[in-house]
Every structure is written in structure tokens, then in C-alpha cells.
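The numbers here are math on the coordinates, done by the rules we state, and not lab data. From a predicted model like this one, the values you see are computed outputs, not experimental measurements. We place every Cβ from the backbone using ideal geometry, glycine too, and count neighbours over all the protein chains shown.
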Amino acid sequence: MSNHEQWLAEEAAVRARLAPPGVATREQLSSRSGADFLAAISAGELPPPPIGATLDFIPISAEPGRVVFQGTPGPQHYNPSGAVHGGYAATLLDSAVGCAVHSMLPQGKGFTTLELKVNYIRAMTDQTGPVRAEGNVITVGGQVAVAEGRITDANGKLYAHATTTCLIFPIPPAK
Ligand SMILES: CC(C)(COP(=O)(O)OP(=O)(O)OC[C@H]1O[C@@H](n2cnc3c(N)ncnc32)[C@H](O)[C@@H]1OP(=O)(O)O)[C@@H](O)C(=O)NCCC(=O)NCCSC(=O)Cc1ccccc1
């Protein structure tokens, strides 16, 4: 089996156990550590977010400090110039680096992206095949976290690289 086929097989296995897209409640979010929250999504106990359905990508794996998403860019992701819109890579990378930060947070702490810097190394097309966005934490402080991410295809070719700065804060109680 080629790397390409292996990635698609792994994606199909994950998709089979994911719940339908939705948004977890504040209680479901605040009652778990970040790692447990992401594990609950991977296990199909909590819904994966709707943005994954909009752009057609899913979480492939999540461990403390490292989270991977996978999707296959297609014609629906194109810009007017005839290649995949930069927002596709930015969205996958924002997801990967943000969730990598989330995976390190204790129960009751949330995060949001303050800044995302993307370097577009080479263009994606509908011939690229499956790509993975891998996010890795660099540092997590009391208030600020920094992470980096990269998008590669099944042959290891690099398409985009990102760094992020995230704000960490106590999750406010539900209104
Ligand atoms: C071309 C360049 C910018 C510069 O590359 P260099 O510094 O010269 O680096 P290098 O020589 O190492 O080549 C690296 C790879 O690039 C390939 N290549 C090189 N020259 C050309 C060329 N002239 N044409 C085509 N490909 C070229 C080259 O073959 C190699 O690939 P390979 O190893 O063979 O597989 C490259 O970094 C790139 O394509 N980045 C992605 C940008 C991107 O996708 N942005 C997001 C979409 S924009 C958007 O959506 C915004 C929008 C909104 C609304 C409406 C409209 C737009």
C-alpha cells in the first residue's frame, strides 16, 4: 500500500468513528483537560467542529503537544488563480497549532489564536492528494503559548509552514 493509500485508509477509519459535526457545550469543554477534550472528539463522544465539514478535513491524531489534521484539497477549495486558496492551508494550520496548544491545557483553561503566520512554500492543487497539517507546541506559559505547524503530502513534500501565538485564559462559566 502506498503512503497515499495508507493515509486515506487511516482517514476512513477515523471518519467511521467520528460523531456528526457540531459544537460542544461550554460544560463539555470546561469539564475536561484539553487532551481529554480532543480525545473525546477522536472517540466520537463529542462532535468534531463544523469548520471541518465546511472545508472537508478531520482530526487524525491528538497527543499532548502534537495534533494532526488531514484533508484532500479539491476544486471546491480553489481561488480565482487556479490553485487552492491560501485560506485552506491557513485553516488547517490554525486548527493544528491551536489544538496542539489546547492539548497541553489543564481542565478549566481555554485558548484563542492571537496571531497566525503562514509561509506558503508551494501551491496545492486538486492533484496533490491527501495532506496533513501537523501542529507542535513550542512553549506553553500561564498566559501565552507558541506553536508551529507544517502541511505535507503523503510523500513528505512541504506545502506550508506556520507559527502561532495563542492566549490562554480561564474558560468563563456558561451564561
Ligand atoms: C512560486 C512560489 C511563490 C515561489 O517559489 P520559489 O521561492 O521560487 O521556490 P522554489 O523554486 O523552491 O519552488 C517551490 C515550488 O514552487 C514551484 N514554483 C516555482 N515557481 C513557480 C511558478 N512561477 N509557478 C508555479 N509554480 C512555481 C516549484 O516548481 C516548486 O514546486 P516543486 O518542488 O516543483 O513541487 C512558491 O513558494 C509557491 O508557489 N508558494 C505557494 C503559494 C500559494 O499557493 N499561496 C496560496 C494561494 S494564493 C491565494 O489563495 C490568495 C488569493 C486569493 C484570491 C484570489 C487570488 C489569490
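Output the Cα-based Rg and Dmax of the chain in Å, rounding Rg to one decimal and Dmax to a whole number.
15.8, 51
Taking only Cα atoms, what is the 0 to 90° angle, nearest 10, from helix 3-17's long axis to the longest principal axis of the chain?
That helix lies at roughly 40 degrees to the long axis.
Using Cα springs under 10 Å in a Gaussian network model of the chain, which residue among Ala90, Ala133, Ala53 shows the largest mean-square fluctuation?
Its mean-square fluctuation being the largest, the pick is Ala53.
Place +1 on the Cβ of every Lys and Arg and -1 on the Cβ of every Asp and Glu in segment 29-109, take the dipole about the Cα centre, and give the residue among Ser103, Leu46, His85 whose Cα lies farthest towards its positive end.
Ser103
Taking only the C-alpha atoms, wrap a convex hull around segment 90-156 and report its volume per residue in Å³ as a whole number.
For segment 90-156, the hull spanned by Cα atoms encloses 96 Å³ per residue.
Between Asp56 and Ala19, what is 0.36 nm times their sequence separation minus the Cα-Cα distance? Round to one decimal in nm.
Here the answer is 11.9 nm.
Counting helices only, and only those DSSP H runs with n ≥ 4, report the 222 nm mean residue ellipticity of the chain as the sum of -39,500 (n - 2.57) divided by its residues, in deg cm²/dmol to the nearest 500.
-9000 deg cm²/dmol
Quick check: net charge around Tyr159, other residues with Cβ under 11 Å of its Cβ, Lys/Arg +1 and Asp/Glu -1?
Combined, the nearby Lys, Arg, Asp and Glu give +3.
Karplus couplings for segment 93-102 from phi (6.51 cos²θ - 1.76 cosθ + 1.60, θ = phi - 60°), rounded to Hz, Gly and Pro as x?
6, 4, 5, 5, 6, x, 5, 4, 5, 4
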